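I have placed the structure first, in the form of structure tokens, so that the comments after it can refer back to it.
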Amino acid sequence: MIWHFDGRRTATASIIAAWALCLMAVWAAAARKPGKQEEGPAAQLSKAPRWARSLGNPYQGQAEAAAAGKKLFQQHCAECHGPDGRGLEHAANLHSPLIQNAPAGVLFWALRNGRLRKGMPSWSALPDQQLWQMVTYVKTLK
Amino acid sequence: MGKPRRIALFLLALGAFCSRGLHAGDDLYFVTYSHNMEERGNLEISPNLVLGVPRTSNRFLANWTELEYGVNGWWTTELYVEGQKTLHDSAVFTGFRWENRFRPLEGEHWINPVIYVEFEDISDADKTMKEVVGFDSKDDFIGSNSELRAVRNHEVETKLILGSNHKGWNVSENFIAEKNLANAPWEFGYAVGASRPLKLAAISESCRWCGENFLAGVEFYGGLGTWNAATLQGTSHYAAPILAWRVGNSVTLRISPAFGLSRNSLPFLARIGVSYEIPRFDRQIRRWFR
């Protein structure tokens with residue numbers, strides 16, 4: 001089946017529309033400067049939805065999972081959070097009470113979603129199992 | 001030993017001797033884009049090869065090298081430099097591309113959109129097949145390099161990338177719209193891909209051959225005609241299984257044979273790529289100037 005579109009005008013309009021869409025997206029992303037109250041990791045964790053708070057860690061207390069989480073942490077997180085998790089530059093100190101007292105599900109949610117505007121990547125490309133292993137390790141940093 | 005074989009062996013050796021782990025920006029696909037962005041400040045260097053086996057023209061080995069940089073969490077920029085060598089013909093530089101990807105939504109959603117804008121300055125001798133659009137076909141490869149390289153194209157390519165990560169699976173869909181800045185209609189194309197690690201949970205020991213380090217997937221890509229004639233017919237379409245091996249923390253090796261699905265497609269393509277990631281390249285640059 002072939003659909004016919006007519007006219008150079010339509011093509012020109014579509015070019016303009018495509019560029020306008022891209023510019024709007026960039027503008028929207030750049031304009032979303034968070035307020036001061038939103039800047040800290042505390043504000044970020046407080047955004048976690050209710051379902052995330054109620055999630056249980058399937059690997060809770062498992063030493064093998066914590067060891068695997070440590071390996072993953074060194075691969076993915078140590079560059080910003082430091083090899084001991086105490087934080088470098090703007091990355092959070094994972095030994096802090098804020099992180100250690102947060103429900104496991106909230107940390108899982110934070111890993112999966114990231115904070116793109118603040119440079120924390122979304123780790124959703126990793127399987128849930130590996131995210132939970134990292135959460136298990138982070139909880140051992142108490 | 002032939003040059004292609006030497007290059008392949010070099011890439012394999014490079015992969016085998018590097019030993020660091022995987023980063024978020026790493027993607028399995030050769031043609032399809034997922035919504036996973038490069039991490040802020042990271043630089044990824046990725047040489048890739050495409051071996052084409054046409055029936056009606058000479059075999060070729062095309063190369064593109066990617067330099068991908070995470071400007072910040074929601075903006076990734078990338079420079080491609082391309083060339084090719086055709087059997088019984090010359091080796092030519094075919095041009096460059098500069099692409100930008102923007103992720104407008106914060107956080108992870110069921111479907112995550114990414115907007116892609118690219119400028120291309122490439123000649124008709126380009127054989128990397130980074131995307132298939134319009135009525136791209138195997139006949140485009142007929143002609144000598146000297147003839148083909150004389151035709152330069154300045155194009156803008158836009159993509160709407162939709163990606164989802166769920167239960168270890170990544171599913172990505174790309175809708176491509178490309179416009180030659182000379183007087184030519186918009187050309188359309190598509191690419192879809194799905195992939196998954198062979199093992200979802202990591203083991204505690206450091207390992208190179210364990211299932212968590214291997215990803216398998218498949219991608220389909222092809223042309224959708226032009227603005228004047230949007231169609232699936234008369235264009236080329238490919239199916240390409242992919243296997244990626246995370247050799248270490250910063251090195252990923254990918255291979256993908258691709259099979260033509262329509263009469264206008266090349267019957268067979270083989271792609272191989274290696275990516276090396278330099279974490280927090282921005283920090284290293286800052287150190288040099290202190």
Compute the Cα gyration tensor for the range B:147-188, then decide on rounded, prolate or oblate, letting a ≥ b ≥ c be the square roots of its eigenvalues: rounded whenever a/c is under 1.5, prolate when a/b is larger than b/c in the other cases, and oblate in all that remain.
prolate
Charge tally in the Cβ shell below 13 Å around residue B:123, where Lys, Arg are +1 and Asp, Glu are -1, residue B:123 excluded
-4
Helical contribution to [θ] at 222 nm, DSSP H n ≥ 4, -39,500 (n - 2.57), averaged over chain B, rounded to 500
-2500 deg cm²/dmol
Distance (nanometres) between label positions extended 7 Å along Cα→Cβ at residue B:110 and residue B:203
3.8
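Given a cut-off of 18 Å, name the pairs among B:127/B:159; B:159/B:179; A:70/A:139; B:85/B:159; A:71/B:199 whose C-alpha atoms lie farther apart than that in the structure shown. Spell out each step's value before the answer.
Values: B:127/B:159 20 Å; B:159/B:179 12 Å; A:70/A:139 11 Å; B:85/B:159 28 Å; A:71/B:199 16 Å.
In this structure, B:127/B:159; B:85/B:159 lie more than 18 Å apart at Cα.
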Measuring from its Cα centre, chain B shows a charge dipole (+1 at each Lys and Arg Cβ, -1 at each Asp and Glu Cβ) which, in debye to the nearest 20, is 1000
Residues of A:112-119, mean number of Cβ from any other protein chain within 10 Å of their own Cβ, rounded to a whole number?
6
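Any read-out appearing in this document is the output of simple, stated calculations on the displayed coordinates, not a laboratory observation. The structure displayed is predicted, hence computed values, not measured ones. As a convention, Cβ positions derive from the backbone with ideal geometry for all residues, glycine included, and neighbour counts pool all protein chains shown.
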